[in-house]
Amino acid sequence: MLTQLRELSIAADGRYLRDEEMQFMETYLASFDLRLSAYHKIQNAEAQIIRDVEMKMRALDPYLLMRGVEDFSNKWKADTVRVLRLSALAMLLDDEQRYKERFLYWFQTLMRAFRTQRSCEATYRFLQEVVANYLTRDELNLLKPILETNRTLLGLN
């Protein structure tokens, strides 16, 4: 939404917007209550969502959050919370492009540098599964593309 508004304000400099240029705002406003509801549900269930994902991760491979003898679960948890929060915000604002440009590409570089693609793929696959338990189908449909982008960009390609 913010990216589209910025581009529209540049394109429409000195003139009124055409109806087709305003269509995305009408679509966004029509979905706002649903977006807000999903955002609040994720916010309220954040701790449980993270716990559920962590349980699935440990069931898949008890050593997935380990590097040698060092336990990285606290770092994993902080990173996963950050991604979940920013994903929810991108969904609320309907601005996946801005999310990718301002955070996800940078974070992808870090995850690759630390060779965490395997744990990222599992994390963001499980996050999709777990979040589905907390949202309605319509709410999930708004967030799902962003969650899939997380899995694709951060996980194994």
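The values are calculated or read from the model by the stated rules, or taken from the named source; none is laboratory data. Keep in mind that what you see is a predicted model, and the values were worked out from it rather than measured. Glycine also receives a Cβ, built like all others from the backbone with ideal geometry; neighbour counts cover every protein chain displayed. For accessibility, only protein heavy atoms count, side chains too; no ligands or nucleic acids. Shrake-Rupley method; radii C 1.70, N 1.55, O 1.52, S 1.80 Å.
Data overview
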{"item": "Where labels lie 7 Å past Cα in the beta-carbon direction, separation of Asn74 and Gln43 in nm", "result": "2.8"}
{"item": "Percent RCO, i.e. relative contact order, over the range 44-130, from Cα pairs under 8 Å lying at least 6 residues apart", "result": "43"}
{"item": "Value of [θ]222 nm, deg cm²/dmol, for the chain, DSSP H segments ≥ 4, -39500 (n - 2.57) each, nearest 500", "result": "-25500 deg cm²/dmol"}
{"item": "Percentage relative contact order, the chain, counting C-alpha pairs under 8 Å, at least six apart", "result": "31"}
{"item": "Viscosity 1.567 mPa s, temperature 4 °C, Stokes-Einstein D of the chain from Kirkwood C-alpha radius, µm²/s", "result": "77"}
{"item": "Solvent-accessible area of Lys144 with every protein chain in place, 1.4 Å probe, in Å² to the nearest 10", "result": "100"}
{"item": "Sequence of Phe126, Phe32 from largest to smallest accessible area, 1.4 Å probe", "result": "Phe32, Phe126"}
{"item": "Residue-level accessible surface for Phe103, protein heavy atoms, 1.4 Å, Å²", "result": "20"}
{"item": "Accessible area per residue, Å², the range 81-129 with all protein chains present, probe 1.4 Å", "result": "51"}
{"item": "Charge dipole (the chain, unit charges on Cβ, about Cα centre) - positive-most of Leu64, Gln97, Gln117", "result": "Leu64"}
{"item": "Amide H partners (placed H, <5 Å) of Met66, local residues excluded", "result": "Phe72"}
{"item": "Tyr28/Glu129 FRET efficiency (R0 35 Å; Cβ-Cβ; nearest 0.05)", "result": "0.80"}
{"item": "For the range 64-146, alpha-carbon Rg relative to the globular expectation (2.2 N^0.38 Å, N residues)", "result": "1.15"}
{"item": "Arg6-Leu156 FRET efficiency (beta carbon distance; Förster radius 25 Å; 0.05 resolution)", "result": "0.15"}
{"item": "Charge dipole (debye, nearest 20) of the range 46-137; +1 at Cβ of Lys and Arg, -1 at Cβ of Asp and Glu", "result": "180"}
{"item": "Protein accessible area in the chain, 1.4 Å probe - carbon and sulfur %", "result": "55"}
{"item": "Alpha-carbon centroid distance for the pair the range 102-150 / the range 86-100, whole angstrom", "result": "12"}
{"item": "Accessible-area ranking of Leu36, Leu156, Leu8, largest first, probe 1.4 Å", "result": "Leu156, Leu36, Leu8"}
